[in-house]
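The block underneath contains the structure these notes are about, expressed in structure tokens.
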Amino acid sequence: MRVGVGLPSTIPGAPGHLIVGWARRAEAAGIFSSLGVLDRLAYDSFDPLLALTAAAAVTTRVQLATAILVGPQRNTALLAKEAATLDALSGGRLVLGLAVGARKDDYDAMGIEYATRGRRLVEQLATLRDTWEDGAIGPRPAREGGPPILVGGLSDAAYARVARYADGYVHGGGPPRAFARAADKARAAWNDAGRPGMPQMWAQGYFALGGESAAETGTAYLRDYYAFTGHFAERIAGELLTTPQAVAQFVRGYADAGCDELILFPTVADGDELERLASALSGLATIEIPATSATASANAAEAAARRAGQP
Amino acid sequence: MKITILGAGPAGLYGAILLKKANPLHEITILERNAPDATYGWGVVFSDRTLAAFQEADYKSYKAITDRFVLWDAIDVYYRDELLRCGGHIFAGLARKQLLALLQRRCAELGVSMRFNTEVADVAALDGGYDLLIAADGVNSLVRKTFADIFKPSLVPGKARYIWLGMEKVLDAFTFIFRENEHGLFQVHSYPFDGTTSTFIVECDETTWRRAGLDAASEDESITYCERLFAPELAGRRLLPNNSKWINFVTVKNATWRHGNIVLLGDAAHTAHFSIGSGTKLAMEDAIALANALDTHPDLDTALGEYEAERRPVVELFQAAAAESQSYFENVKRYTRLTPVEFTFNLLTRSRRITYDDLRLRDPRFGNIVDREFERRYWAGQGRSIFTLIAPPPMFAPLTLRGLRVANRAVFTPATTGQAVSGVPCTGDALELARLAQDGAGMVLTEPVAVATEGRITSDSACLHEDEHLRAWTRIIQAIHTQSPAKVAMPLNHAGWRGATRPRGMGLDRPLRDGAWPLVSASALPYTERSQTPRALDRAGMEGMRDVFAHSAHLADAAGVDLLILHMGHGYLLSSFLSPLTNRRDDEYGGTLEQRMRFPLEVFDAVRAAWPHEKPLAVALNVTDSVRGGFGPDDAATVARTLKEHGCDLLVALAGYVVPQTEMPYRRGFLTPLSERIRNDSGLPTLVGGYLTTADEVNTLLAGGRADLCLMLPPQETRTRSRSAPTVATDAREARATADVREESMPEAGTPAREVRRVEKKE
Ligand SMILES: Cc1cc2nc3c(=O)[nH]c(=O)nc-3n(C[C@H](O)[C@H](O)[C@H](O)COP(=O)(O)OP(=O)(O)OC[C@H]3O[C@@H](n4cnc5c(N)ncnc54)[C@H](O)[C@@H]3O)c2cc1C
């Protein structure tokens, strides 16, 4: 399993230079395969695609993943253009995770009716690839067919969308056992639809490794970030990884459940958290260390060729 | 805090005990309409896991419970006058009366005020008298009704009728009895509880109940009827009434369990069908969670929220399991084709929480019976009556279909989609099939093979209608047959309106940009908004199509295919005739089901005629389109029975894709219920997939008579790490919830026998 790290772009008060510096240092740490972002409109947070673009400018190897982007809140033509732009700018490093999201306040703030989200996502998924291939709305993504698309969600409809439109599934967080169940469902849907191979499996978790005070700050942040879920926020906060031991077991659980890439998100706007995570991860047997940038781009080219159907 | 509890059932009493213990300053009053010793019902059942929770929550009542309960570890099943026993499940039973009495005593000891014979008719009358109102007023909760706009309760009555009786006889096992008479099928759930009597619940479907005249029967008449019906098992003992009526089980759910300073507990909040026997346990566990939450969080609102957040996932898991169990008993008539061993195995594994491996672990002797019976039926199918001394697990039993013998029940198909050029399968695909065959598959399944160039799904689909295709397939199949004992199955397909799409690497049903060919279908409707509109097949086209299928079948035989599968599912051409959603024809091939299946049957007959008599012919059929207004299980049963008469030997159970926006309850083995249904309804053997990856899943499915061949996924080598790795600390709550539902409920569950000792040690 590969491990990525989230940008601190949804932690209120995180300064811009922290995010850009974080991206650069994350790649330099060598252990992370991707940088992830979350999407939230009505909150003190950075725009996910712009944050990833900044990250793209200061990195050359890591994948840039939205986990997830609330697709239905965005105009599909514009999203297609933004995603193609980011993919082209980054040399084919975008991984576009999309889902309906769960925050009605964001839809209200966007002026989009919440009840239409499922329908809008389906239409968007059916359109994105065609738009990238048509070329009428440029630029051409770095990769034939555009960046890989992941779909998130826990409903049967979500798994059906993975199977019909996407390249993989992105899980929204929780204990490994919850991921395992969701992953089984995504694979079942994929296989039943007659898609070749298996869907890519992405997942995420939260960490705060700077001792008790960091744990407290992180917990408070999660409670606030997930306040809209009511009492569920307490659970999410309770799952925060606050020790290297917890990180190791979490990583192991996800690897065993067949996760391909696990993104760990910070909960404290403190640059040292990145090194703490890197050190907690170093030496874990289940982690695939990313290849150097030269082999990475060769692999990417090969994968692109495979996806385009050329042997 | 002033706490008023409505209802002195297990939830109310146990809640009072725990709250008072946590804080003796609480002023707690229980209001109960009945007298202290008036109680309906007979026994309740607990598992050791529940008892452990009781021990931790309140040792004194735990001790009182364990001093009185009856322990047993077997399940007996009477079916078709045979008795089968399966051991290793532990249950502990206790009289409800005793349970309530001991909880009342404990309440009194702690200083809880209990007002019996106090009926509350109006919740508003209690206003102002409490800081917290706990509604433990049972399945017909008055509080829930009063605030129905807040709790938004859903009350769903089950389809079956049941009556809760007692029996003047002790039992040494949880006992199921299935008995058919001229009125229909009845089943009994019976279990011991107090050392002298047993609970005896009789259940049947509505029609049976009316036919037997039980709708008009008094309590006495009902008892007389049941005594006569179950005379052999009762052996002269009496059934006992307890103000018993024939009722429907009502499943209660609520959108929320709390409203300001009011909270629902036990049956008032949720019920779960009695066949998994968890109502009392859930009610008492609610009480534990509520008391803990109130003890931990000083703020009432947070505490009630935490209580609900803790309990809801656990309760929902139990309700899901209960729903499966309930549906099993409501439809048990469907399973009466099964032999007693199959039937019993199916019953014990009905809600999928208990598997073949679990039963083997609990009772190896029963496991051996299951294996030997499976093997015996194979030989019986060969016309030989053999008492099998030893037998492999069901997955390794052979299967015969006409002249074909498949060495084991595992079917594999390549994980990649084909890369055929002009319909000729490429070497890579051939090697992949050959590898699966050599690696142990009983049978390998090719990709769907097109009967015509325009019948391909994608430009890469393989075909079988020209000499070139025949040569390629002959080479591939000969290689498989010389290198391995595996058999080769090939689906023959015409993609219809799902044709001319791009390879599926980047999505399903995306129309080809260049080189698309004209499509045909039952009606001129496009599959997706972006798809080409097909031409509706006319009579001449249909005749041509029939001949094309027959021609391919002929070539398939020449190529050495062992099992031919005619594809009538997933929205492809033949499927588009079957489904009312896609067949809008107004000629004699559209309209009623009989007319919609006419063309697929014509094709079947032509293929059957072209295909050698000694070789089996299968049909891949949607058991449901899985969308409203589509083809459903009853339609599928009609089609399957007709196919059987026309010489079909096997069904491949499929679902969905008749229109693009279909979704199914995806999970491991999600197609199994459909396979089971169509197998029971038609009497035809089935092949089923649905993401099966383990031998345990396959054995469970086969031994329970749910399918005959299983399409498995190869293990993913890069991921073969220990699946039973320890779960992480953050996972504890969820692990507990899942473990509870797996191991705790009766009668199919219970915990392995060795756990008995653990309970006993604790006492
Ligand atoms: C056929 C059958 C078999 C079952 N078998 C089992 C089993 O084996 N094991 C098991 O664990 N569970 C079993 N159950 C379930 C079990 O009976 C209930 O789930 C359990 O009793 C629920 O407890 P409770 O305290 O929530 O409600 P109840 O036990 O129903 O208690 C509610 C109390 O509130 C009182 N009340 C209601 N309204 C008012 C009012 N307005 N004023 C004053 N008092 C009021 C009632 O008189 C009653 O005493 C079975 C249920 C059925 C139907």
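The values are calculated or read from the model by the stated rules, or taken from the named source; none is laboratory data. All figures in this text were calculated on a predicted structure; none of them were measured in a lab. In this analysis, Cβ positions are derived from the backbone assuming ideal geometry, glycine residues included, and neighbour counts consider all displayed protein chains.
Conditions tested, residue by residue: (1) within 16 Å of the ligand (Cβ to nearest atom); (2) closer than 30 Å to B:Thr66 by Cβ; (3) within 14 Å of chain A (Cβ to nearest Cβ).
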site: B:Asp220; (1), (2), (3): no, no, no
site: B:Glu227; (1), (2), (3): no, no, no
site: B:Lys253; (1), (2), (3): yes, no, no
site: B:His259; (1), (2), (3): no, no, no
site: B:Ala269; (1), (2), (3): yes, yes, no
Pick from A:Gln200, A:Gln249, A:Gln245: which is more than 24 Å from B:Glu306 (Cβ to Cβ), surrounded by fewer than 23 Cβ atoms within 10 Å (Cβ to Cβ) and in contact with an Asp or Glu (Cβ under 7 Å, 6 or more places away or on another chain)?
A:Gln200
Can you tell me which residue in region A:98-136 is farthest from the other protein chains (Cβ to nearest Cβ), limited to those that are within 19 Å of A:Asp87 (Cβ to Cβ) and loosely packed, with under 13 Cβ neighbours inside 10 Å?
A:Ala136
Would region A:264-283 turn up any residue that is surrounded by fewer than 19 Cβ atoms within 10 Å (Cβ to Cβ), within 14 Å of chain B (Cβ to nearest Cβ) and farther than 15 Å from A:Gly6 by Cα?
no
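Conditions tested, residue by residue: (1) at pLDDT below 95; (2) under 30 Å from B:Leu171 (Cβ atoms); (3) within 14 Å of the ligand (Cβ to nearest atom).
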position: B:Met1; (1), (2), (3): yes, no, no
position: B:Thr4; (1), (2), (3): no, no, yes
position: B:Ala8; (1), (2), (3): no, yes, yes
position: B:Tyr14; (1), (2), (3): no, yes, yes
position: B:Ile17; (1), (2), (3): no, no, yes
position: B:Thr29; (1), (2), (3): no, no, yes
position: B:Asn34; (1), (2), (3): yes, yes, yes
position: B:Thr39; (1), (2), (3): yes, yes, yes
position: B:Phe46; (1), (2), (3): yes, yes, yes
Can you tell me which residue among A:Leu86, A:Leu78 is within 17 Å of A:Gly4 (Cβ to Cβ) and of a type outside the set (Gly, Ala, Ser)?
A:Leu86
Picking from B:Leu239, B:Leu265, B:Leu290, B:Leu282, which residue would you name as being within 8 Å of the ligand (Cβ to nearest atom) and more than 26 Å from B:Ser327 (Cβ to Cβ)?
B:Leu265
Got at least one residue in region B:394-406 being buried (at least 19 other Cβ atoms within 10 Å of the Cβ) and within 30 Å of B:Ile90 (Cβ to Cβ)?
yes
Test B:Ala522 against the stated conditions and say whether it is within 14 Å of chain A (Cβ to nearest Cβ), closer than 21 Å to B:Leu578 by Cα, in contact (Cβ under 8 Å) with a residue 60 or more places away in the chain and touching a helix residue (DSSP H, G or I) at 6+ places or on another chain (Cβ under 6 Å).
no
I need the full set of residues from region B:509-530 which are closer than 23 Å to B:Ser422 by Cβ and crowded, with 18+ Cβ neighbours inside 10 Å, in order please.
B:Asp509, B:Arg510, B:Leu519, B:Val520
Is it the case that B:Arg161 is of a type in the set (Lys, Arg), within 14 Å of the ligand (Cβ to nearest atom) and farther than 30 Å from B:Glu233 by Cβ?
no
Please report, ordered by residue number, the strands (runs of 3 or more DSSP E) entirely within region B:41-153 with at least 2 residues that are farther than 23 Å from B:Trp164 by Cβ.
B:82-86, B:113-115, B:132-135
Which of the numbered conditions does B:Arg435 fail, given that it passes all the others? Conditions: (1) among the basic types (Lys, Arg); (2) within 22 Å of B:Ala556 (Cα to Cα); (3) surrounded by 19 or more Cβ atoms within 10 Å (Cβ to Cβ).
(3)
Need at least 1 residues that are in contact (Cβ under 8 Å) with a residue 12 or more places away in the chain and surrounded by fewer than 21 Cβ atoms within 10 Å (Cβ to Cβ) per element, so show me which helices (runs of 4 or more DSSP H) inside region B:550-626 make the cut, counting only ones lying wholly within it.
B:593-596, B:598-610
Just to be sure I understand, how many residues within region B:596-629 are within 34 Å of the chain's Cα centre (by Cα) and among the acidic types (Asp, Glu)?
1
Total residues in region A:63-95, condition assigned to a loop (DSSP other than H, G, I, E, B) and either surrounded by fewer than 24 Cβ atoms within 10 Å (Cβ to Cβ) or more than 15 Å from the chain's Cα centre (by Cα) (or both)
5
Give region B:182-219 a look and list any residue that's assigned to a strand (DSSP E or B) and aromatic (Phe, Trp, Tyr), or say none.
B:Phe186, B:Tyr191, B:Phe200
Testing B:Arg179 on (1) under 30 Å from the mean Cα position of the chain (by Cα); (2) assigned to a strand (DSSP E or B); (3) within 11 Å of the ligand (Cβ to nearest atom), one condition comes back false. Which one is that?
(3)
Of the residues B:Arg105, B:Arg115, which single one is within 13 Å of the ligand (Cβ to nearest atom) and either among the aromatic types (Phe, Trp, Tyr) or surrounded by fewer than 19 Cβ atoms within 10 Å (Cβ to Cβ) (or both)?
B:Arg115
Say whether the condition of being buried (at least 22 other Cβ atoms within 10 Å of the Cβ), among the charged types (D, E, K, R) and under 19 Å from B:Arg96 (Cβ atoms) is met by at least one residue in region B:33-49.
no
Taking only region B:354-384 into account, find how many residues are closer than 22 Å to B:Ile177 by Cα and either among the charged types (D, E, K, R) or without any contact (Cβ under 8 Å) to a residue 40 or more places away in the chain (or both).
5
Output the residues belonging to region A:9-53 that are polar (S, T, N, Q) and within 19 Å of A:Ser282 (Cβ to Cβ).
A:Ser33, A:Ser34
Taking region B:124-145 as the search range and keeping residues that are free of Cβ contacts under 8 Å to residues at least 60 places away in the same chain and near the ligand (Cβ under 10 Å from one of its atoms), which one is nearest to B:Met1 (Cα to Cα)?
B:Lys145
Being over 33 Å from the mean Cα position of the chain (by Cα) and within 14 Å of another protein chain (Cβ to nearest Cβ) is the filter here, so list the residues in region B:477-505 that pass it.
B:Gly499, B:Thr501, B:Arg502, B:Pro503
